[in-house]
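Take a look at the structure below.
The values are calculated or read from the model by the stated rules, or taken from the named source; none is laboratory data. Model, not experiment: these values are computed from the prediction. Here Cβ is always computed from backbone atoms with ideal geometry, including for glycine, and neighbour counts include all displayed protein chains.
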Number of protein chains: 2
Amino acid sequence: MTDRDNRHRQAMQRLKTHVDQRIASASEQRGQLLVFTGNGKGKTTAAWGTVTRALGYGFGVGVVQFIKGKWECGERQRLVEDPRLDVAIMSTGFTWETQNREADTQACQEVWQAAQRMLADSNVYLVVLDEITYMLKFGYLAIEDVMHALAERPAEQTVIVTGRNAHRQLLDAADTISEMQEVRHAFNAGLEARRGIDY
Amino acid sequence: MTDRDNRHRQAMQRLKTHVDQRIASASEQRGQLLVFTGNGKGKTTAAWGTVTRALGYGFGVGVVQFIKGKWECGERQRLVEDPRLDVAIMSTGFTWETQNREADTQACQEVWQAAQRMLADSNVYLVVLDEITYMLKFGYLAIEDVMHALAERPAEQTVIVTGRNAHRQLLDAADTISEMQEVRHAFNAGLEARRGIDY
């Protein structure tokens, strides 16, 4: 064994000891609240990756899409025939398309009813509240209602919240927060949004 | 219409104009290089979300998992029966488990052969090089080989690279870079990694 191999082996042994210790000390099991926020690409995409993952074990999953209404959505198309997946979609599309506060509030409240049913159902292992942060920001939905539904949900249920500018109370309650930071975005260099990649 | 509704409508009109202008100016269509990096949760998960999305339109997808070998992987289980999906997995598991530089280098080179085939195949619309950054960092794979394969790939093919500490040359070549920053992670608060959520 060369010196380099030996040094590598020792470094990996130290890393393994560290990782093993961390795994041993992480022993609490319960549903979690995850927040994917920030202005970069990957928030909704990571939520759908987790949906695919949970479905892979046969868990029930609920997805509520608060503003993607009118867009094509390849991941939904791929998974929607799965009987364990329940998807509720706000009907009015992006809010800057409709420009009607009253209609948007009503559409939001309707889809929030579906979200509440999922958040009360212990057969739903994972609930995704996609882009709900904007509903709170625009005042279509009250933060108190959301925090109440989250607090009362089944203990084994994990919830993922996505969207920019997540409300402080959501961040305070979160077990995991990842901030997707935009270092660079193809769109800004003139590249068109791409089917099967961006939507 | 109330004053508040009116102000909201005007703000949304300005936003719509801005978004429409940006969409109109983004007109170049080609495959892209996306890098999901940073120390936070969501890099591999966002890659799998994109895999699900691309499969939803019937595109061919190749995934190369460089270090996840021995782990369960719900998203792979969910999608692996899809004939349009090709998955290649490095056989040795995490490198700090094996602690053998020579064996890891060989295992890496074997799975890199599969990656090169995907990167040369114009029927593969999306290639994911999951956790390849560690292969470069540990010296199992040469950055020149990776950059060459990326440069020579079909023009319509998108590639996603995931992993911490992405190599400078990968970042320089990327069209989109998202840095998943760990603001908080449940693991550090003693919560066990969760089936269907974390793996």
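What the table below lists for this structure:
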{"read-out": "Residues that are in contact with a helix residue (DSSP H, G or I) (Cβ under 7 Å, 6 or more places away or on another chain) and more than 7 Å from every other protein chain (Cβ to nearest Cβ), drawn from the stretch B:52-63", "value": "B:Val61, B:Gly62, B:Val63"}
{"read-out": "Subset of the stretch A:119-136 (residues that are outside any helix (DSSP H, G or I) and polar (S, T, N, Q))", "value": "A:Ser122, A:Asn123"}
{"read-out": "Residue among A:Ala149, A:Ala88, A:Ala103 that alone is away from every other protein chain (no Cβ under 13 Å), among the small types (Gly, Ala, Ser) and part of a helix (DSSP H, G or I)", "value": "A:Ala149"}
{"read-out": "Any pair with Cβ under 9 angstrom, 6 or more apart, that starts in the stretch B:1-14 at a residue that is facing another protein chain (nearest Cβ under 9 Å) and ends at one that is of a type in the set (A, V, I, L, M) and outside any helix (DSSP H, G or I)", "value": "B:Arg9/B:Met1"}
{"read-out": "A:Thr2 being crowded, with 16+ Cβ neighbours inside 10 Å, at pLDDT below 80 and polar (S, T, N, Q)", "value": "no"}
{"read-out": "The lone exception for B:Asp130 - which of (1) of a type outside the set (Val, Ile, Thr); (2) more than 12 Å from chain A (Cβ to nearest Cβ); (3) over 21 Å from B:Glu28 (Cβ atoms) it fails", "value": "(2)"}
{"read-out": "Boolean, A:Ile160 is touching a Phe, Trp or Tyr at 6+ places or on another chain (Cβ under 9 Å) and within 13 Å of chain B (Cβ to nearest Cβ)", "value": "yes"}
{"read-out": "Some residue of the stretch A:137-144 being touching a residue at least 40 places away in the same chain (Cβ under 8 Å), part of a helix (DSSP H, G or I) and closer than 30 Å to B:His185 by Cα", "value": "yes"}
{"read-out": "The listed residue being under 18 Å from the mean Cα position of the chain (by Cα), modelled with pLDDT under 90 and in a helix (DSSP H, G or I), out of B:Gln77, B:Gln116", "value": "B:Gln77"}
{"read-out": "Meets criteria (surrounded by 14 or more Cβ atoms within 10 Å (Cβ to Cβ) and touching a Cys at 6+ places or on another chain (Cβ under 7 Å)) for A:Met135", "value": "yes"}
{"read-out": "Residues of the stretch B:24-33 satisfying the condition of being more than 7 Å from every other protein chain (Cβ to nearest Cβ) and either part of a helix (DSSP H, G or I) or surrounded by 24 or more Cβ atoms within 10 Å (Cβ to Cβ) (or both)", "value": "B:Ala24"}
{"read-out": "Considering residues of the stretch A:36-57 that are hydroxyl-bearing (Ser, Thr, Tyr) and part of a helix (DSSP H, G or I) only, the residue nearest to A:Glu156 (Cα to Cα)", "value": "A:Thr50"}
{"read-out": "Among (1) in contact (Cβ under 8 Å) with a residue 24 or more places away in the chain; (2) surrounded by fewer than 15 Cβ atoms within 10 Å (Cβ to Cβ); (3) within 22 Å of B:Gly42 (Cβ to Cβ) - the single one A:Gly58 does not satisfy", "value": "(3)"}
{"read-out": "Single residue of the stretch B:163-193 satisfying the filter (surrounded by 21 or more Cβ atoms within 10 Å (Cβ to Cβ) and more than 7 Å from every other protein chain (Cβ to nearest Cβ)) that is nearest to the chain's Cα centre (by Cα)", "value": "B:Gly163"}
{"read-out": "Enumeration of residues in the stretch B:23-55 that are closer than 23 Å to A:Val80 by Cα and polar (S, T, N, Q)", "value": "B:Thr44, B:Thr45, B:Thr50, B:Thr52"}
{"read-out": "Exclusive hit being within 14 Å of A:Trp48 (Cβ to Cβ), touching a residue at least 12 places away in the same chain (Cβ under 8 Å) and either among the β-branched types (Val, Ile, Thr) or touching a Phe, Trp or Tyr at 6+ places or on another chain (Cβ under 8 Å) (or both), set B:Val64, B:Val87, B:Val35, B:Val51", "value": "B:Val51"}
{"read-out": "B:Val80, sole failed condition from (1) in contact (Cβ under 8 Å) with a residue 24 or more places away in the chain; (2) more than 8 Å from chain A (Cβ to nearest Cβ); (3) in contact with a strand residue (DSSP E or B) (Cβ under 7 Å, 6 or more places away or on another chain)", "value": "(1)"}
